Structure formats: structure tokens, C-alpha cells
Amino acid sequence: MTHALFLPHARLDDLIRQVQSAGYRVIGPKLEAGVIHYAELNVAAELPWGWQAEQTPGRYRLHRSQQTLAFAWAAPAQGLKPWFFAPVEPLWRLRRTPDGFGLEPCLPDAKPIAVLGARACDLAAVARQDRILEHDPHYQARRQDALFIALHCTHPAASCFCTSAGTGPRASRFDLGLTELDTGFVLEVGSPRGGKLIEPLALAGATADQIQAAQTAVAAAAAQQTRRLPAGDLAGRLAACIDHPRWDAVAQRCLACGNCTQACPTCFCHARRETASADGQSAEHSRHWDSCFGELHGHLAGFQVRPQTAQRYRQWLTHKLGNWWAQFGASGCVGCGRCLTWCPAGIDLTEEVAAVLGEAPCGR
Amino acid sequence: MRPLIELPAPARIVERLQETETIFTLRLKLEDAALAAHYRFAPGQFNMLYLPGVGEAPISIAADPRAGLIDHTIRMVGSVTRALAQLPAGAVIGLRGPFGRGWPMPAAEGRDLIIITGGLGCAPSVSAVHAVLAQRARYGRVVLLEGVRHCRDLALKSRFAEWLDHPDLDVQLAVCETNPCADWPWHTGNVLTLMDAMELKPERSLAFLCGPEGMMQAAAEKLVQRGVQAGDIYLSLERNMQCALGLCGHCQLGPHFVCRAGPVFDYATIGPLLGKRGV
């Protein structure tokens, strides 16, 4: 944080206007339908000022806080995934012609987005998905020009474990980085594009005390986390544990509802669907988020690859924490804690992986 | 979106053959001349066939590489293949591909090639046999063992008829059922029983296996017992493939996306993941 500026709370609207005038749609956290989630935002007053979120396995509750901060809560209910990797994406439209058919490719055509208050865990998840969907034209159409105003986290929830996942609470890649203090934000420039954007605001430099306070708050957020993942590439250790009795034990509690996969900011499984018009003259081919907990995920004509919930939970966890390394050179988990918050049975991934890997390695 | 990769290209059914009661072959030609001119596939690769209004299905390519037409031998099992079965010659469907890693033909050069297939598993092997016959001198002995459950299940009869008489191929057919049809002159018993009498020089041999997973695993184990290296045994796997691009996640087997890293894997790599329920 060599050259930091200070953005008073009262000038947040100036930053938003600046981003809007640069041609972006601004996405930021908003309190809607009982949760804080990323949504389109026009003015700073729409931020969840004075709210805190309690997140534990199977539980999410909002509380009024004494402080009037905008970001005194942790991960929003959903990550940034739906903004780039759409829950439903039309791929092509078909129209029959006298001698066959014609296909019209569907590509998103929307203004680029700027995310205000992107959490470290969510930015890490975007980086994971960038790797997976590197050549996907639909993802790239939404993703390529996106701008990120990161929010270094100072208020982790009990469900958070970004420190052990190595992704937070401080964000590592951003155009602008904010750390919230009582009266405003310490602001860092993370890219030339970000620097250019705030130039007209003519912000004063942050004082040494402000910079110190920001660093202390982020360090405290790291220290506060109690949940953790075992370190490193877990692929080999988990592969040795495929017969562990814990898989059956967790399946007694798991509803196979797939909430964890829908709340996960990195899960990328999707199914493809063809929808034909009633007259058969046109059709649309789309993809939509799928879940490895669903009945059709491992379905083949003739057999079901994973008929049991225990096998599906094992697939999810061993893929996320293990096989992801071989596929994409990183873990599929960023430590946001959403899978445990949004699990109706309160299953805690960190607890399950600890139980499976246990004290001694499997199969010895 | 790139045609043949993300976007299906129209392909006309030039010919339709009924192989058995439930198996049929579609001989396709890409409508776009430029795409057709550049279309190349390797034996063992697959295409996604698209039936407008119904959806896509992954089907292995069973064509003769010399012919310029793309053959798919298909069994009616799901919604797409059942609907495809209704189409007459002249109809137009969509095609994306080719996808995946096929049989390691260069590795087979100078070696004896043992192909063991079960049921319609013979379809992905057809293009390998054609590749061998196109440059026969490059390969050693070529053995093809095909097993079917019932004699009426034997697909590609005309090709087998041709290959059974071929001086450069050693082809044997087996039927599992104990009372085969009256006109079944070949072996009765599981295809694996044909392996017992098979002459084999393990260090010279490379094996291609395609069929039900249990059958492939049993055949691979038999070959290993007879001294063939696990890395010289190749299996063509089947999984739920929806995008064929390694993105949709359904075809995962351990760390592998079967559609992209496979469908053909060597037994040393994939053997440890087979036969484990739910992996």
C-alpha cells in the first residue's frame, strides 16, 4: 500500500458516477429479499449501510449494527458467478428452412459491468472460472471488459475460511481496492485503468494512520477466522480415501439438493437443453447450471454412474478440493463459506474434509 | 461461435442402413463444402450429433477415413438416438466435432494389434481397422475379436463379412447366448474366452478395447496376466457428454474429462479408476 488515497463515505457517489460515465453498469451489494447480494446499483445510498450478516452452517441472518458502515458483513449470498457465467445461457436459435435448418448463434451483448465491493473470495473465484472458461465465447463476452473495485474484507463471518484457502481477506487482483474505515475508504490503485478512472476525483492521500488502521483491520479479519482447510494439493490424499466411512455418514445428512453447488462461486457444471416450439419450426438450445448432486448428472443410457448420495457428495468434495488441482492447477475452493451457510442440513465442508483426511492418511 | 466446435454444422444423411432391430448407421455429408473439405478425424474420436428440437448425443465416428463421408453406427437408447432412428436418407441434422483423443495409431505401427470389442463397442474400432488396412504394411498381425450377447445384436455385418475373409486380418466372432441362431457358425461363449486360444507376443502387442466397462476391465486384466504392459492397453470409455469441450462437467472420471482427455485412455492411467462404484 505504498500510494494510497482516501475516499470519504460522502464521496462514494462521485466514484459511482465516474464509473458509470466511463460506460459501465455498476454492480454492488444490496439488501433485497432478505439477503445482501450483488445487484445493479445507481447510488451509494443503495448499499447495505449499517447491516451485519451472521453466517454459520445452515444459517444466514441480518442484524442492524451500531456502526454505519457499508461493508460490515462478509460474503454476499451469491458470488459473482451469475454475472459472467449466466445461470441460463441461450447458445443458438434454430429455424427450419425448406432444405434443412439455419442456426443463429446467441452471444450476450450488454454493457460491461463494474463491481463495487468485490470480495477477495469472489475475485479469486472469478480467476478460477477465467481459467476454466478461457475459450468460452459467452463467458468472455461478459467478462473481458469487467472492472473490479475490490473490498478488502474487515468483517468475516463465522462461515469464512479464505485465509486458509489463500484467497483473502485482502484481494490480490483489482482495478481499485478499498478498505473501509469509520468515515471512508483507504483506496489503492491496482491497474492503469483504475488509476485513470479516479484521477478526476482529485482525492487526497491517505494518512499514515489511515493506512495503518486499514492494514490492522484486514489482519484482524484474517486472525478472526476459525474454520480452515487442510493446506495444499489434496488430490492424492483424497483419492486414497474413496472408501472412507465418512462418505456414508455425511450422506445420512445430505439432502442432495445441490444448494452448495449453486451457491459455490466456482462450480461450473452445466447441462444443455433443447426447447422446441409447439409447431416444430424453431427451437432454442441453451445451457443452464447443473449440479453433481442431481439425478441426471451421471446418467447414461443404460446406467447411472453415481446412484448414491454418498458417491455424489464424494464426487463434489474430491473434485473441488482434489481433482481441481490436476485440471486447473488450483483448488476449486476459495473459502467463501457459502456451501455451508446455504446448506439446509448445515453440512460443513471444512468439518467433512477434516473427518475424511483425519489424523492418519487413508489406506495405510 | 466456431462452427463444428461450438455451433453445429448442417449434415445431410446420404444413406441410412438398418444394422439390427435397434442399431442403424447414418452416413453423413457436411452441407458446407468448405467445412467438408477441411473436416478430418482420427480413429476413435466422436461427434456430437444434433437433432433440431430434440438435442445432441455423442456418437463415435465409424467411417472409412478414405471415403469423405462420416459414418455413425447408433443404437436406439435415449431420446436423441430414438428420434434419429426415425430419419430417412435426405434429412439434415447438425454435427459438431470431431472431439476427444482417439486410438494411438502411430504407437501401433510396427506392433501386433489386438482389438477386442463387445457389442456396439466395435463401432469406434471400425475406423481403426480402416486406418490399418489403408497402410497395412506398417502394422504387424491384426486380431479383431468381437463378442455380442445375442446373435441378432451383431451390427456392421457386411464389414465383418468382408473382414472375416480378409487375408491380412484375423477376425473372430463370439456370441454369449447358449443357443445361438441356426446361422451362427462362429464361437459360442463370452468374447473373453476367445482370448484363451489367442496367439500373443506380449512385448510386440498393443491392444484396443471397446465395449461395456466390465468387459474391457476383464479383457485388460487378462492381457496384463499374459504379459502385455498396462500402458500398451487402450480402452474407449463412455460417459455422459453434453458439451464435448471439457466444460459441462458431466463426463468426469477422477481428474479426467473423458470427452477431452479421452474417450481413449491407456490402462495404466485409467485402470485404477475403473470398477470403483460411483467414482
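Which one of these is modelled with pLDDT of 95 or more and within 18 Å of residue A:153 (Cβ to Cβ): A:216, A:261, A:207? Residue meeting the stated conditions: A:216.
Meeting the requirement of 2 or more residues that are closer than 26 Å to residue A:143 by Cβ, the strands (runs of 3 or more DSSP E) wholly within the stretch A:1-73 are A:25-32, A:35-40. Of the residues that make up the stretch B:100-108, is at least one within 16 Å of the chain's Cα centre (by Cα) and more than 23 Å from residue B:230 (Cβ to Cβ)? No, that holds for no residue.
Limited to the stretch B:57-116, what total is found for residues that are more than 20 Å from residue A:274 (Cα to Cα) and out of contact with any Cys (no Cβ under 7 Å at 6 or more places or on another chain)? Residues in the stretch B:57-116 being more than 20 Å from residue A:274 (Cα to Cα) and out of contact with any Cys (no Cβ under 7 Å at 6 or more places or on another chain): 36 in total. Being touching a strand residue (DSSP E or B) at 6+ places or on another chain (Cβ under 9 Å) and charged (D, E, K, R): is that true of residue A:175 here? Judged against the criteria, residue A:175 is a match.
Of the helices (runs of 4 or more DSSP H) that lie entirely inside the stretch B:179-279, those containing 3 or more residues that are more than 12 Å from every other protein chain (Cβ to nearest Cβ) and either crowded, with 20+ Cβ neighbours inside 10 Å or at pLDDT below 95 (or both) span B:191-196, B:213-225.
Where strands (runs of 3 or more DSSP E) fall entirely within the stretch A:111-199, none has at least 2 residues that are within 14 Å of the chain's Cα centre (by Cα) and within 14 Å of another protein chain (Cβ to nearest Cβ).
Within the stretch A:293-306, the only residue that satisfies the criterion of being more than 22 Å from residue B:81 (Cβ to Cβ) and at the interface with another protein chain (Cβ under 7 Å from one of its Cβ atoms) is A:306. When residue A:53 is tested against (1) in contact with a Lys or Arg (Cβ under 8 Å, 6 or more places away or on another chain); (2) surrounded by fewer than 19 Cβ atoms within 10 Å (Cβ to Cβ); (3) more than 30 Å from residue A:107 (Cβ to Cβ), only condition (2) is not met.
Scanning the stretch B:11-21 for residues that are more than 14 Å from every other protein chain (Cβ to nearest Cβ) and within 17 Å of residue B:71 (Cα to Cα) yields a total of 6.
Residue-wise test of (1) under 27 Å from residue B:279 (Cβ atoms); (2) in contact with a Lys or Arg (Cβ under 8 Å, 6 or more places away or on another chain); (3) of a type outside the set (A, V, I, L, M, F, W, C).
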| position | (1), (2), (3) |
| --- | --- |
| A:206 | no, no, no |
| A:225 | no, no, yes |
| A:229 | yes, no, no |
| A:237 | yes, no, yes |
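Look at (1) touching a His at 6+ places or on another chain (Cβ under 6 Å); (2) without any contact (Cβ under 8 Å) to a residue 12 or more places away in the chain and you find that residue A:21 fails only one, number (1). If residue A:339 passes every condition in (1) under 28 Å from residue A:59 (Cβ atoms); (2) surrounded by fewer than 21 Cβ atoms within 10 Å (Cβ to Cβ); (3) in contact with a helix residue (DSSP H, G or I) (Cβ under 8 Å, 6 or more places away or on another chain) but one, which one does it miss? All conditions are met except number (2). Looking only at the stretch B:91-114, residues that are part of a loop (DSSP other than H, G, I, E, B) and more than 17 Å from residue B:128 (Cβ to Cβ) come to 1 in all. Would you check if residue A:257 is surrounded by fewer than 17 Cβ atoms within 10 Å (Cβ to Cβ) and more than 23 Å from residue B:256 (Cβ to Cβ)? Yes.
In the stretch B:42-63, the count of residues that are more than 12 Å from chain A (Cβ to nearest Cβ), surrounded by fewer than 17 Cβ atoms within 10 Å (Cβ to Cβ) and under 18 Å from the mean Cα position of the chain (by Cα) is zero.
Among the conditions (1) away from every other protein chain (no Cβ under 14 Å); (2) surrounded by fewer than 23 Cβ atoms within 10 Å (Cβ to Cβ); (3) touching a helix residue (DSSP H, G or I) at 6+ places or on another chain (Cβ under 6 Å), the only one that residue B:130 does not satisfy is (3). Evaluate the following for residue A:279: is it within 14 Å of chain B (Cβ to nearest Cβ), charged (D, E, K, R) and surrounded by fewer than 20 Cβ atoms within 10 Å (Cβ to Cβ)? Criteria met by residue A:279.
Tell me, yes or no, whether the stretch A:45-58 has at least one residue that is more than 30 Å from residue A:224 (Cα to Cα) and more than 14 Å from chain B (Cβ to nearest Cβ). For the stretch A:45-58, residues more than 30 Å from residue A:224 (Cα to Cα) and more than 14 Å from chain B (Cβ to nearest Cβ): absent. Consider the stretch A:219-237 and keep the residues that are at pLDDT below 95 and part of a helix (DSSP H, G or I). The one that is surrounded by the fewest Cβ atoms within 10 Å (Cβ to Cβ) is A:236.
Conditions tested, residue by residue: (1) out of contact with any Lys or Arg (no Cβ under 8 Å at 6 or more places or on another chain); (2) within 14 Å of chain B (Cβ to nearest Cβ).
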| position | (1), (2) |
| --- | --- |
| A:216 | yes, no |
| A:248 | yes, yes |
| A:268 | yes, yes |
| A:286 | no, yes |
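The residues in the stretch A:307-353 that are more than 14 Å from chain B (Cβ to nearest Cβ) and either in a helix (DSSP H, G or I) or hydroxyl-bearing (Ser, Thr, Tyr) (or both) can be counted, and the count is 9. Any residue that is acidic (Asp, Glu), touching a residue at least 40 places away in the same chain (Cβ under 8 Å) and within 22 Å of residue B:207 (Cβ to Cβ) - is there at least one of those in the stretch B:147-168? No, the stretch B:147-168 contains no residue that is acidic (Asp, Glu), touching a residue at least 40 places away in the same chain (Cβ under 8 Å) and within 22 Å of residue B:207 (Cβ to Cβ).
Residue by residue, here is whether (1) more than 14 Å from chain A (Cβ to nearest Cβ); (2) surrounded by fewer than 21 Cβ atoms within 10 Å (Cβ to Cβ) holds:
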position: B:9; (1), (2): no, yes
position: B:23; (1), (2): no, no
position: B:30; (1), (2): no, no
position: B:69; (1), (2): yes, yes
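Comparison of B:121, B:78 shows that the only residue that is surrounded by 20 or more Cβ atoms within 10 Å (Cβ to Cβ) and within 27 Å of residue B:242 (Cβ to Cβ) is B:121.
The values are calculated or read from the model by the stated rules, or taken from the named source; none is laboratory data. Because the structure is predicted, anything quoted here is derived from the model rather than measured. We place every Cβ from the backbone using ideal geometry, glycine too, and count neighbours over all the protein chains shown.
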